[in-house]
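> Pasting in a structure now, in structure tokens, and then I'll have a few things to ask.
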Amino acid sequence: MSTPLVTNTIGKPINRVDGVEKVTGKAKYAAEFNVPDLAYGVVISSAITKGKIKSFDASDALSLEGVLQVFTHENRPKLAWFDISYKDQDAPPGAPFRPLHNATIKYSGQPIALVVAETFELARYAATLVRVEYEELTHETDLEANLHKARKPKHGVADLLKPPPPKPRGDFDRVYAEDPNKVAGRYVHSAEHHNPMELFATTVSYEKNGKLTIYDKTQGVTNSILYVTQVFNIPFSDVRVLSPYMGGGFGSGLRPQYQLFMAVMAARELKRSVRVSLTRQQMFTFGHRPATVQQVALGALADGSMNALYHDAMSETSKFEDYTEVVVNWGGQLYPPENVTLDYKLVPLDVYSPLDMRAPGGVTGMSALEVAMDELAYNLGMDPLQLRLKNYTDHDYNQNKPYSSKELRECYRQGAERFGWPSRNMEPRSMKKDHNLIGWGMATGMWEANQMPARAEAVLMVNGKLRVSSATADIGTGTYTIMTQIAADTLGLPISDVLFKLGDTDMPVAPISGGSWTAATVGTAVQTVCQEVGKSLLKLAKNMPDSLFKGAKWEDITFSDKHMRLKNDPNVAVSLQTLVDLNGGKAVRETSTGLPNALKQRNFSRATHSAVFVEVMVDEDLGTVKVTRAVTAVAGGRILNPKTARSQILGGMVWGLSKALEEESVMDHNFGRFMNHNLAEYHVAVNADIHDLDVIFVEEHDDVVNPLGVKGLGEIGIVGMPAAIANAIFHATGRRVRDLPIRLDALL
Ligand code: MOS
């Protein structure tokens, strides 16, 4: 029971606690930590896509005063790559790429040398003077031309979170053949790159005793320190990695990138502090959302009941790692047809391994599936929303488990109402304004709600303030803020009395920040460790003379307004300051682990859902598409902070729009290279593209996912958007476009 005394910031739109630092430039990124006597490294990228380096001639570069060294595979330190079996925390099955390992070139833009000089400008100039001779081999980079080489992925331990498609159920072929209503289509998606504003950089501070303090752009400092210690055989005690702030991640920082290797290598060899920053062009050389070819077929009875579902995908990977994502499983989890065949294959090409990018696989597969659903609705002459409701289920038939919670029906209802969907005329080309065709489309979104183990420390200091820390990341999502809220509420303190710190390997360990699991993962660790502090405080309270807490158990107490209280008599209270004063002049300090409750979770499937409604205006003469309105209703468990949560969903919607209409990494297969590797030619949505976006949260009360009831919101915002836009374009124009992005010429 809540009383007026209960402090409660969870669920309130608290401003970002790091907001002022972020907008005043005090929040430093990896390339902004200045250390004395810094040298600068510039990476040389391979000019060919496949083959061998025959020779380097670095003599001109080295003859310049101030150029310190040119590192290549010929003179790299012997200890690098001592542990060749090492895999980072987001490594797919295979053999991770090893920079400067040998003369072999595996993909275009591969880092082949590092030029280190006294200034950045000098290093950059010297890099242009290094002559490289190659022996070139023929490369294969074209997914569509190599589909015949598609094969099953080699799944490994790293893929526990990326389950392969389930075995076929029922008899798709027979049932589909007899279905009165059916659709089938082929969907081709282009590759994309993450393009965070902050570019990849590492600053290594070389301390006198040879210890390294490393500022790295990463979504997980633990991942970076493991990489450095394993690859260079350095003891943990000699390395510290920090990443307090990040200018965007989106998955690009889930794996250690080669600037980390280069900077550490150079610092150790030169016994000097070194910074290596990559360029925007070089960001296009490590990891991308893979190009994909999918086929979806759906069959339904005359009343709209779906009884047949087929979804296959063929996706590119590198020739050294099997990067996989969950592309085809979604339909089997979202809809109840009894005859289901799902298949997923990889085509190894001479490209760098693809890399998780916001809602990896989910936005890809759901974009195809939900366009097919729209097509089926039109085939049936049924409203697209009605088709979803007709095939609604609370059961995940892939895992054969009920959902721990699923308020998608309510998302459909509230989203449709806010958007005005019920007044829609189903007829394509039925709405027009001047020379613009107007269309309304909708789609469903879905993403997983995972939780990992993590650790945190909490210290109630002698001044009564609380300091909490965990080696997690805030990739722009609001981790600082929501962890501060969880800590504050757990011990009944105001936000201003709580300081949450992250991004430092001296702190208790946390996993990489991705997969939308940070709120649930680190949130549970923070809640658990603050409860541990609370339990210590209860012991102190019991030891007070004539204590009114003597017989109290942990379940009997609550914290609010800086006091510990008896739940059933809140006037029996003692201040946290009084309690910490009783601790012999010492702070009350606890470290603890937050674990997923596997026993509770194992009987349920856990996921977030969304319903997306979109209005587009298509210029009939020019084929330009403007997304004039979009509403996303999200069921993502308990919303810790509606302000940061809304920002997550808005960001996802903007990106979904960008993916649907603009983003595409274009490769020239003659060169085997992405050609539009800059923000002038790689188009992303800008302010002028964004109009009316609306977010609704349909709260779910779910104590299966974790005691906080949190599911995570990082990725769900993007998932339904591209299909909703494609479907709105069909409604506007009568053109069914299945490929992404949707270019002007598809609509002329
Ligand atoms: Mo996200 S692609 O898991 O950073």
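> Give the separation of the Cα centroids, region 553-596 to region 296-358, in Å.
50
> Suppose every K and R has +1 on its Cβ and every D and E has -1 on its Cβ; what is the size of the dipole of the chain about the Cα centre, in Debye to the nearest 20?
That gives a dipole near 1700 debye.
> Among Pro642, Gly445, Ala471, which residue has its Cα furthest toward the positive end of the charge dipole of the chain, with +1 on Lys/Arg Cβ and -1 on Asp/Glu Cβ?
Toward the positive end, the furthest listed residue is Ala471.
> Percent of accessible area on region 322-477 owned by carbon and sulfur, 1.4 Å probe?
About 44 percent, which is the carbon plus sulfur part of the accessible surface.
> Highest mean first, what order results for 136-144, 366-374, 106-114, 187-195 on Cβ atoms within 10 Å?
Top to bottom by mean Cβ count within 10 Å: 366-374, 106-114, 187-195, 136-144.
> Could I get the Rg over Rh figure for the chain? Both from C-alpha atoms, Rh via Kirkwood, rounded to two places.
0.99
> Identify, among Gly381, His395, Gly299, the residue whose Cα sits farthest towards the positive end of the charge dipole of the chain, taking +1 on the Cβ of Lys and Arg and -1 on the Cβ of Asp and Glu, with the dipole about the Cα centre.
Checked the options; the winner is His395.
> Heavy atoms of the protein only, probe of 1.4 Å, neighbouring chains included. What is the accessible area of Arg565 in Å², nearest 10?
20
> Quick one: accessible area per residue over region 600-715, 1.4 Å probe, rounded to a whole number of Å²?
Per residue, region 600-715 has 37 Å² of solvent-accessible surface.
> If you count the DSSP beta bridges with both ends in the chain, what percent of them are antiparallel, to the nearest 5?
Counting DSSP beta bridges with both partners in the chain, the antiparallel share is about 75 percent.
> Can I ask one more? What do the square roots of 5 times the Cα gyration tensor eigenvalues come to for region 228-347, in whole Å, largest first, as semi-axes of the equivalent ellipsoid?
46, 14, 14
> If we sort 309-317, 218-226, 26-34 on the protection proxy, mean other Cβ atoms within 10 Å, highest first, what's the order?
Packing order, densest peptide first, comes out as 218-226, 309-317, 26-34.
> Looking at Val340, Ala552, Val264, which one has the Cα that reaches farthest to the positive end of the dipole of the chain (charges on Cβ: Lys, Arg +1; Asp, Glu -1)?
With unit charges placed on the Cβ atoms, the residue in question is Ala552.
> Roughly what % antiparallel, to the nearest 5, for the DSSP beta bridges in region 453-565?
Percentage antiparallel, nearest 5: 60.
> Quick one, can you get me the convex hull of the C-alpha atoms of region 470-600 expressed as volume per residue in Å³?
124
> Next question. Considering every Cα-Cα pair within region 301-356, what fraction, in whole percent, is farther apart than 18 Å?
The calculated P(r) of region 301-356 puts 45 percent of pairs beyond 18 Å.
> Ranked highest first by the average count of other Cβ atoms within 10 Å around their residues, in what order do 410-416, 471-477, 430-436 fall?
Order by mean packing, descending: 471-477, 410-416, 430-436.
> A further question follows. Taking the Cα centre of region 325-463 as origin, sum charge times position over the Cβ atoms of Lys and Arg (+1) and Asp and Glu (-1), and report the length of that vector in debye to the nearest 20.
So the dipole magnitude of region 325-463 works out to roughly 400 debye.
> Could you compute how much accessible surface Phe284 exposes when probed at 1.4 Å, giving the result in Å² to the nearest 10?
Phe284 has an accessible surface of roughly 10 Å² with all protein chains in place.
> Restricting everything to alpha-carbon atoms, can you work out Rg to Rh for region 534-622 with a Kirkwood hydrodynamic radius?
1.40
The values are calculated or read from the model by the stated rules, or taken from the named source; none is laboratory data. None of these values were measured; they are calculated from a predicted model. As a convention, Cβ positions derive from the backbone with ideal geometry for all residues, glycine included, and neighbour counts pool all protein chains shown. Heads up: the accessible areas ignore ligands, DNA and RNA and are worked out on the full protein's heavy atoms, side chains in. Shrake-Rupley method; radii C 1.70, N 1.55, O 1.52, S 1.80 Å.
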